[in-house]
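Down below is the structure, laid out as structure tokens.
The values are calculated or read from the model by the stated rules, or taken from the named source; none is laboratory data. In this text the structure is predicted, and so the values were computed from the model without any measurement. So basically every Cβ, Gly included, is an ideal-geometry build from the backbone, and we count neighbours across all protein chains shown. Ligands, DNA and RNA are excluded from the accessible area calculation, which covers all protein heavy atoms including side chains. Shrake-Rupley method; radii C 1.70, N 1.55, O 1.52, S 1.80 Å.
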Amino acid sequence: MKRMKNLLQRGGGGGDANDPQSPPPPRPSSQQHRQLWYGGLFLSSLIAMGSTFEAVRIQRYYSPVPITNSGQQRWAVGSITATFLLAFVMIILQMMSNSRHLLLGTKLEVGLILALVGFTCAAVGTSTNPATGMAINASGGISFGNLYYSTWASFGCGVALLLSFLRTERGVDVSSELESRGKRFRLWVILVVTSLVVMGSSASTYDAKCGSKDLDGFRPPKYCRRAAFGVSAGFIGCVFSLAVVAMRLGWTKRGETNGGEEGKSQRPNNIIFVVECISSLVLLCFYCFAVAYLTGEEGPGAPLGNLYYSTWITFGLIFFMAASCFEEYQAAKLVYARNQQGSGSGVSEGDGRSVTLSSHGRPFDLPIGLPVNENHVPVETNYQDLNRFRQMAPLIGNRSGSVGEVQI
């Protein structure tokens, strides 16, 4: 009774749920958001576990000789089973009110999530390896669709759980952090991962078919040359993308504009943009040939599998990055041409006069030195060019002489 009385006095005569001053429940939205990913991980790992047992049973039944990769098969079965058991235990703990507060938002949860990510990564590596012949056959094609897609889905759910925990419990939004480094930085990071998959898948296919002395799995030399080329393509893509990511991480803060440090920020931004343009152009030319060479009829990426998907995803990322660089360059060139035209008409860029246009309801200053009258109204203006500037408003910065990341 005394404890109840103290609680009533502390709550001011009763805790009304509709009182705006009453404390909100502890992060219900973040907990419910992660529960969806836990449910998806549980279902995908359940499908993967059943598919793994079936794949191993079929392999041992139809294989005329003893399987030599039993160690990798044990890794696949063990990692997928551990993922299923951990996901099941975490869902049960969240459903119990007595143990829920001991798990959600604690170091125990992040430790279990990291273990889940590790197990799912091991499951993907062992199940989709052509050498094991489980989800992927020796030719690099999908032989067991349920096992292939469920293991990748489990890995995706594990990564989503980790990102959700960092965002809701530690205040680290990975997506916003990547975006703050540049609008193409996220694409370069993804390109590192896809290039590694291209390189690893090509190497696994080469070892499974070209490194074996078994004549039953004989492939023509053209197949082996293309598999070796896939290793080189993945390595080159990884090197270029890692170089751009390293430059972004090292120079982004120096490239930001801080008051009067405009001169210091100009050179790093220009260098990064030039490196991005050159890298995207070289990789685009290289992967135009790689897509046709690897996913052709006689290539190792012809059947649907890791190499096929990763090659096309890598090509798509490079194409979008090259298009983004070209669009930004065209916007900078247009602004530079208008600056030259304005300076030639007798209006200097530093006189403070500018034209204010609006794009999507947001006004912005166009620092191009257009000829204006005493009321700062443009005269003899080509309105077709103004419409082009309105369309490019998201690319044009508020600071004079800046378009995106290009200093002019």
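Worth a mention:
- The residues of the stretch 110-229 present an accessible area of 44 Å² per residue when probed at 1.4 Å with all protein chains retained.
- Computing FRET efficiency as 1/(1 + (r/R0)^6) for Ser99 and Val275, where r is the C-beta to C-beta distance and R0 is 56 Å, gives about 0.60.
- Accessible surface of Thr311 - all protein chains present, 1.4 Å probe, nearest 10 Å²: 0
- Heavy-atom accessible area order for His33, His101, largest first, 1.4 Å probe: His101, His33
- Estimated FRET transfer efficiency (Ala246, Glu327; beta-carbon r; R0 30 Å; 0.05): 0.75
- Rough spin-label spacing in nm, given labels placed 7 Å along Cα→Cβ, for Glu177 and Asn137: 4.3
- For Gly141, no residue has an amide H sitting under 5 Å from its own, ignoring neighbours fewer than 5 places away on the same chain, with H placed 1.01 Å from N.
- Each residue of the stretch 105-119 was assigned a 3J(HN,Hα) from its phi angle through the Karplus curve 6.51 cos²θ - 1.76 cosθ + 1.60 (θ = phi - 60°); the sequence is x, 10, 5, 5, 5, 5, x, 5, 5, 4, 5, 5, 4, x, 5 Hz, with glycine and proline shown as x.
- Accessible carbon and sulfur surface of the stretch 122-221 relative to its total accessible area, %, 1.4 Å: 60
- Förster radius 22 Å - calculated FRET efficiency between Ala228 and Phe319 (Cβ-Cβ, nearest 0.05): 0.35
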